[in-house]
């Protein structure tokens, strides 16, 4: 049954927005304000403070009188546990997520709810993103591939779905579970892969997420992002055998190890590690030209 709030505009479905936060008091107000200023009116905002030791609670006091806001503080347990708590408290027919250092454009929910309501077969809606710097200045739109329908094979090659851009039907979590609590990064990738085996995805082409680039973000730890991604891919293949075509698997491994090799080459002075990754990529797919090109760059650089 679609959950609707009394007195809501056009009797629209309730959207539960979840922000898990930990020691991001400097950025959190912009994230919260971007939710509360949505042109879509029928929403609730659940903020899970995952054991912050900065002035997060003081910052949140300015929002606690808003009847749409619920603030819950817990001992530090990690993002997965915090977000899952938010999901368990959510009352909405749709659930959306936002990182505490990012923000939304004001029409984000209006655009996505309208789109997903038109497409009865779609259970997850997403959008491209726009980068912003540490101060909140725009850095331009990110060119992101947009795919709709049953996207498992495309998604296995690369995660093109920004976490904070999504709008998800509640039933997905009820039927297929919530976020992993054992992963440091890639929690959303693991979830989208699982959901893709059962549900159709759709997108709104307007960039709705403002994604902040700053030194402290976990995604700046590029090697960890790749190694966690590899762990997720292996686990997915074990849990869902046959979900990914053989040719797609080979291309995905080649793509992933080439990316890891390039990351290692850019961040450390151990060329043998990047060469090993390129060789592994070629082993999976001998015709993968990107791996050959990167390998040759390392060989030439080391021979000079």
Legend entry - strands (runs of 3 or more DSSP E) lying entirely in the range 34-153 (those with 3 or more residues that are under 22 Å from the mean Cα position of the chain (by Cα)): 43-50, 94-97, 122-126, 129-132, 138-141
Inset, instruction - Return the only residue of 17, 72, 32 being in contact (Cβ under 8 Å) with a residue 24 or more places away in the chain and farther than 17 Å from residue 104 by Cα. - result: 72
Inset, instruction - May I ask you to verify whether residue 173 is touching a residue at least 40 places away in the same chain (Cβ under 8 Å) and crowded, with 21+ Cβ neighbours inside 10 Å? - result: no
Legend entry - Residues satisfying the stated conditions in the range 54-92, i.e. closer than 21 Å to residue 12 by Cα and touching a helix residue (DSSP H, G or I) at 6+ places or on another chain (Cβ under 6 Å): 87
Legend entry - Matching option when the condition is farther than 12 Å from residue 17 by Cβ and surrounded by 15 or more Cβ atoms within 10 Å (Cβ to Cβ), among 59, 32, 72: 59
Inset, instruction - With a cut-off of at least 3 residues that are in the same structural domain as residue 109 (by TED's automatic domain parsing), at pLDDT 95 or above and in contact with a helix residue (DSSP H, G or I) (Cβ under 6 Å, 6 or more places away or on another chain), name the helices (runs of 4 or more DSSP H) lying wholly within the range 160-239. - result: 170-176, 187-196
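The values are calculated or read from the model by the stated rules, or taken from the named source; none is laboratory data. This is a predicted model, so every value here is computed, not measured. Positions of Cβ are generated from backbone atoms using ideal geometry, with glycine treated the same way; all protein chains shown enter the neighbour counts.
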